[in-house]
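These notes concern the structure reproduced below.
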Amino acid sequence: MKRIVLSVLTAAIAATVATAAFANQAPDVNRRAAHQRHRIVEGRRCGALTRGESRRLMRGQRHLARMERRARADGVVTPREHRRLERGLDRQSARIWRLKHNARHARVASTSRTLSASASRANGF
């Protein structure tokens with residue numbers, strides 16, 4: 001009887017330590033998601049992403065945030081939930097890279113181009 005109680009108690013302590021270790025890894029998920037949002041905004045700003053591409057990517061970021069909220073809802077992020085979040089972040093990162101490096105580019109109005117266009121129109125060209 002004593003052995004059974006000790007083994008159950010040991011298993012409970014091990015499970016508590018394991019879940020605490022995975023709970024500490026959640027800030028890494030937040031850091032990655034913030035970095036991905038920054039990559040999307042930067043891609044939109046420099047013209048590497050079109051409006052539709054950036055909207056689609058931001059929708060993916062919101063989906064990942066919902067996944068994380070659901071995983072944390074019970075107070076514990078299990079190893080399975082953590083793997084699922086990491087896999088989602090990996091896929092989203094690949095999507096961002098692929099869309100930023102495709103042949104589509106957004107029109108970015110630069111001040112020099114706008115000034116030269118208005119000057120040529122004024123001159124009748």
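The values are calculated or read from the model by the stated rules, or taken from the named source; none is laboratory data. Predicted model, so just to flag it, every value in this text is computed and none were measured. Glycine gets a Cβ as well: all are built from the backbone with ideal geometry, and neighbour counts include every protein chain shown.
Some points to look at:
- Taking the range 77-87 as the range and being over 13 Å from P27 (Cα atoms) and free of Cβ contacts under 8 Å to residues at least 60 places away in the same chain as the test, the residues that pass are T78, R80, E81, R83, R84, R87.
- Residues (surrounded by fewer than 13 Cβ atoms within 10 Å (Cβ to Cβ), within 12 Å of the chain's Cα centre (by Cα) and over 14 Å from V29 (Cβ atoms)) located in the range 51-76: R59, R62
- Residue match in the range 19-35 (condition: loosely packed, with under 12 Cβ neighbours inside 10 Å, over 14 Å from the mean Cα position of the chain (by Cα) and at pLDDT 80 or above): no
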